[in-house]
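Peer 1: Below is the structure I would like to discuss, written out as structure tokens.
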Amino acid sequence: MLRTKIITEYTGIVNVASRNDLRSGDEEKFLRHGENGRARQRLGRPPKPPHEVRSERVVSFVTPVEFETLMRVADDRGLSVSAVIHLVLSAALAEED
């Protein structure tokens, strides 16, 4: 008898299980846990505390001269333009407090 296989990709790892091994509601558990039922080791960078997560976006337009200045400062400090803007913005907001 041919058993149907379910192939699931999760974080680049391919898991194969027979349909008989998965009862209702177990599919999600199978995705989070390995074939032996133990939780998979989380890959990548550990999550930051909620108060440190940068989740909001601010968009601003600058003149070409301002952009060149930002790029020069970033290059001099070995940072990205975004990091320089964040430092400037944080310093300005700290002065307001």
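Here, each number is a calculation from the coordinates, and none is a lab measurement. This is a predicted model, so every value here is computed, not measured. Don't worry about glycine lacking a Cβ; one is built from the backbone with ideal geometry, like all the others, and counts go over all protein chains shown.
Peer 1: 7 Å from Cα along Cα→Cβ at both E66 and R42: what's the point-to-point distance in nm?
Peer 2: 3.8 nm
Peer 1: Another one. Spin-label point model (7 Å from Cα, Cβ direction): what's the R57 to E95 distance in nm?
Peer 2: Rounded to a tenth, the inter-label distance reads 2.8 nm.
Peer 1: Right, here's the next one. Work out, in µm²/s and without decimals, the Stokes-Einstein translational diffusion coefficient of the range 50-96 at 4 °C, 1.567 mPa s, Rh from Kirkwood over C-alpha pairs.
Peer 2: Calculated translational D: 109 µm²/s.
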